[in-house]
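Asks: The structure is given below, and queries will be raised subsequently.
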Amino acid sequence: MALGYSMRILYSEEAPYRDLLDALRETSKRIRAKWGMEVEELEASRLGPDEAERIKSDMRSIPPQIRGRIVSSGGRPLPLSGKKNLNLRNTPILLLYREGEPIDVYPHLLGASYFGVIEAANRILELGPRFYVESRGLFEDPILRILRDHPGIVEEGLKFKGSNVDVGTGTADLIMEDRDGNPIVIEIETIAGEGAVAQVSRLGFGYAECLGIPKGAVRMAIICAGFDAKARRACESFGIELYQMVAKRIV
């Protein structure tokens, strides 16, 4: 059980993200059942000025190196508008607490990586809040930057095509192209589990639809610091490439 952890979901009934909100609610129910977390929902019309200010204060109290950027300035929706108001007309907001203290907020932009509410909720469901908090962001963003600048580390002849790419079924960490012109969708994880396999599968199929090519024409890969046995078996079953980043002693 995830003793001491809780979540708050903020949303607007009038906003046009009903499907996203429904998916977030369903995942939160599964988190509550699996990890025993308290989940509270707050609708925008029931938030008074004082409560809204407390929520904004909670967000700002989270260290910037964890929460990244949370103020919108074009591009992807973030928790606060350009005028520093709650941006609930454009995105639901997920706040994660430990012993009543805010420790993370979604969506946010950390370095080159966008952390959406559904992606965060799915990872919390898979790993549990404690392990998720300990592992999130320590590996993904630095490796994304390295691979973006040096794609040949993974495979000779690989070309960088884009990072944080919306493929219709989610956001792909990296899109590469191999020497034969085949597209590769890459998911970067600290610890890869079955959820990472499902995620990269969805992204690969979505990218194939975007390109109008057969699903089998898109290579799919996971690059991670570590993985569990279930992830390895799932990759073998679904033809997904699994790479582990390791340190090699030279001298």
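Asks: Within 10 Å, count the other beta carbons around each residue, average over each peptide in 224-234, 117-127, and list them highest first.
Replies: Output ranking for 224-234, 117-127: 117-127, 224-234.
Asks: Using per-residue counts of other Cβ atoms within 10 Å, averaged over each peptide, order 64-71, 216-223, 194-201 from highest down.
Replies: 194-201, 216-223, 64-71
Asks: Within 12 Å, Cβ to Cβ, of ILE118, how many net charges do the neighbouring residues add up to if Lys/Arg are +1 and Asp/Glu are -1?
Replies: -1
Asks: Continuing with this model, one more query. Let me check against my output: what whole-number percent is the relative contact order of the range 1-86, with C-alpha pairs under 8 Å and at least 6 apart?
Replies: In percent, rounded to a whole number, it is 28.
Asks: Within the range 166-195, name every residue whose backbone N is under 16 Å away from a label modeled 7 Å from Cα of SER237 along the Cβ vector.
Replies: From the range 166-195, the list is 193-195.
Asks: So, one more: What is the fewest-to-most order of THR190, THR91 by other Cβ atoms lying within 10 Å of their Cβ?
Replies: THR190, THR91
Asks: Same structure, new question: Would you work out if the range 1-131 is rounded, prolate or oblate? Take a ≥ b ≥ c from the square roots of the eigenvalues of the alpha-carbon gyration tensor; rounded if a/c is under 1.5, else prolate when a/b is larger than b/c, oblate otherwise.
Replies: rounded
Asks: Which residue, PRO129, PRO102, PRO214, tops the fluctuation ranking in a GNM of the chain built on C-alpha contacts under 10 Å?
Replies: PRO214
Asks: Further, regarding this structure: Along the positive direction of the dipole of the range 140-244 (beta-carbon charges: Lys, Arg +1; Asp, Glu -1; about the Cα centre), which of ALA208, ALA221, ILE184 reaches farthest?
Replies: The listed residue farthest towards the positive side: ALA208.
Asks: Give me the number: length gained by fully extending ASN182 to LEU211, i.e. 0.36 nm times residue separation minus the C-alpha to C-alpha distance, one decimal in nm.
Replies: Full-extension gain reported as 9.3 nm.
Asks: May I pose another question? Which of GLY111, GLY239, GLY212 moves the most in a Gaussian network model of the chain with Cα springs under 10 Å?
Replies: Among GLY111, GLY239, GLY212, the largest mean-square fluctuation in the Gaussian network model of the chain belongs to GLY212.
Asks: Kindly write out, for the range 90-100 in residue order, the coupling ³J(HN,Hα) from the Karplus curve 6.51 cos²θ - 1.76 cosθ + 1.60 (θ = phi - 60°), rounded to whole Hz, with x marking Gly and Pro.
Replies: Couplings: 10, 7, x, 10, 10, 10, 10, 10, 10, 6, x Hz.
Asks: Let me ask something else about it. Taking only C-alpha pairs under 8 Å that are 6+ residues apart, what is the relative contact order of the chain in percent?
Replies: Averaging sequence separation for qualifying contacts and normalising by length gives 14 percent for the chain.
Asks: Quick one: Kirkwood hydrodynamic radius for the range 140-244, alpha-carbon pairs, angstrom, one decimal?
Replies: Hydrodynamic radius (Kirkwood, Cα pairs) of the range 140-244 is 13.4 Å.
Asks: Treating the beta-carbon of each Lys and Arg as +1 and of each Asp and Glu as -1, no other charges, what is the dipole magnitude of the range 140-244 about its Cα centre, to the nearest 20 debye?
Replies: In debye, rounded to 20, the range 140-244 gives about 160.
Asks: If you place +1 on the Cβ of every Lys and Arg and -1 on the Cβ of every Asp and Glu, how big does the dipole about the Cα centre of the chain come out, in debye to the nearest 20?
Replies: Charge dipole, the chain, about its Cα centre: 280 debye, nearest 20.
Asks: What does the charge count near MET59 come to, summing +1 for each Lys or Arg and -1 for each Asp or Glu among other residues with Cβ under 14 Å from its Cβ?
Replies: Overall, the nearby charge balance is +2.
Asks: For the chain, what is the convex hull (Cα atoms) projected area averaged across all directions, in square nanometres?
Replies: 15.2 nm²
Asks: So for the range 140-244, averaging the separation of alpha carbon pairs under 8 Å that are six or more residues apart and normalising by length, what relative contact order in percent results?
Replies: After rounding, I find 22 percent.
Asks: When MET176, MET59 are ordered from fewest to most other Cβ atoms inside 10 Å of their Cβ, what list results?
Replies: MET59, MET176
Asks: Skipping prolines and chain starts, which residues have an amide H placed within reach, meaning under 5 Å, of the one on LEU242, given they are 5 or more residues away or on another chain?
Replies: Amide H to amide H, under 5 Å and 5 or more residues apart or across chains, LEU242 pairs with ILE222.
Asks: Of the residues GLY181, GLY75, GLY193, which exhibits the maximal mean-square fluctuation in a Gaussian network model of the chain defined by a 10 Å Cα contact cut-off?
Replies: GLY75
Every read-out reported here was derived from the displayed coordinates using simple, explicitly stated rules and does not represent laboratory data. All of these numbers come straight from a predicted model, not from anything done at the bench. All Cβ positions, even for glycine, are placed from backbone atoms using ideal geometry, and neighbour counts span all protein chains on display.
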